[in-house]
Every structure is written in structure tokens, then in C-alpha cells.
Amino acid sequence: QVQLVESGGGLVQPGGSLRLSCAASGSIFSIGAMGWYRQAPGKERELVAAITRGGSTNYGDFAKGRFTISRDTAQNTVYLQVNSLKPEDTAVYYCNLNLATGRAAYQTYWGQGIQVTVSL
């Protein structure tokens with residue numbers, strides 16, 4: 001089985017920063033990609049950032065510039081550094097894990113989500 005442990009959420013003021021972490025453990029043999037999605041009230045879940053096996057990164061349009069994804073492959077951990085937070089960033093952030101089960105085949109896992117609230 002696979003477990004995703006998310007941390008780093010909380011309440012911050014506009015302009016502040018957060019660093020989210022997601023550590024994967026369990027039956028992990030080959031990670032295809034890890035990343036973060038978020039969902040705000042009344043909105044669809046959207047990609048924040050993801051990093052693939054080869055190290056390439058993808059960012060949602062809103063995330064470019066203020067969000068940075070990185071990883072520690074040895075620890076199966078992905079990080080999301082968020083700077084200059086805005087109230088619009090308030091959402092539940094979900095860690096996403098794609099495990100390779102074969103060539104071009106993946107099993108997807110989701111964390112339970114952590115709340116990020118940006119408010120005065």
C-alpha cells in the first residue's frame with residue numbers, strides 16, 4: 001500500500017510564504033510523477049505544479065513565478081514553495097502521485113489534502 005503524508009499548510013497573511021511537503025511511502029517502485037493540485041470552494045481542482053520522472057516541471061498558469069516545485073527522489077518527497085501568497089490562493093492543496101506500473105502505465109494516488117488559507 002501507498003501512503004502520502006502532507007504537511008506545511010496553515011494560515012498566512014497576504015504576501016507571506018509557505019512550504020508544503022508530501023512524502024510517499026509504502027509499495028513504491030517507480031515514480032512517474034509527483035505534484036500538487038488545489039481546489040478552492042466553488043471551483044474545480046486544478047494543477048498547481050508537477051515534476052516528472054525525468055525532472056521536467058509543469059505549472060498551472062496562475063502558479064508561474066510564485067510557485068516552485070522540487071523533489072528529493074531518495075526520500076520520495078516533493079515540495080512546493082509558495083511565495084507572495086494572495087487571498088485567491090486559499091484552497092485545499094492535494095498531493096498527487098503517479099506510480100509507473102509498466103511502460104506508459106500509471107497508478108494514481110491522492111493525499112487527503114491540506115488547507116492553505118491566506119487572510120488578514
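Estimate the FRET efficiency between D61 and W110 by the formula 1/(1 + (r/R0)^6), using the beta-carbon distance for r and 22 Å for R0, to the nearest 0.05.
0.50
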Amide H within-cut-off set for T90, under 5 Å, with H built and near neighbours excluded: V118
Using a 10 angstrom cutoff on alpha carbons, build the Gaussian network for the chain and name the most mobile of L80, L47, L11. L11
Grab the Cα-Cα distance for K86 and E46, subtract it from 0.36 nm times how many residues apart they are, and report the gain in nm with one decimal. 12.8 nm
Using the crude model of +1 on Lys and Arg Cβ and -1 on Asp and Glu Cβ, and no other charge, please compute the dipole size for the chain relative to its Cα centre, in debye to 20. 180 debye
Taking loop as defined by DSSP and a crowding limit of 10 other beta carbons within 10 Å, which GluC sites (Glu not before Pro) in segment 1-81 fit? E44
Give the accessible surface of the chain per residue, rounded to a whole number of Å², with probe radius 1.4 Å and ligands, DNA and RNA excluded. 54 Å²
Given N residues in the chain, what is its alpha carbon radius of gyration divided by 2.2 N^0.38 Å? 1.03
Using a probe of 1.4 angstrom, how much of the accessible area of the chain is carbon and sulfur, in percent? 47 percent
If I build a Gaussian network model for the chain, linking alpha-carbon pairs within less than 10 angstrom, which residue out of Y37, Y59, Y106 has the largest mean-square fluctuation? Y106
Ignoring the sites themselves, what is the longest stretch of the chain with no trypsin sites (Lys or Arg not before Pro) in a DSSP loop and at most 10 other beta-carbon atoms within 10 Å? 1-42
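The values are calculated or read from the model by the stated rules, or taken from the named source; none is laboratory data. This structure is a prediction, so every number in the text was calculated from the model and none was measured. With ideal geometry, Cβ positions are generated from the backbone for all residues, glycine too; neighbour counts draw on all protein chains shown. The protein model used for the area step is the full one, side chains on, heavy atoms only, and it has no ligands, DNA or RNA in it. Shrake-Rupley method; radii C 1.70, N 1.55, O 1.52, S 1.80 Å.
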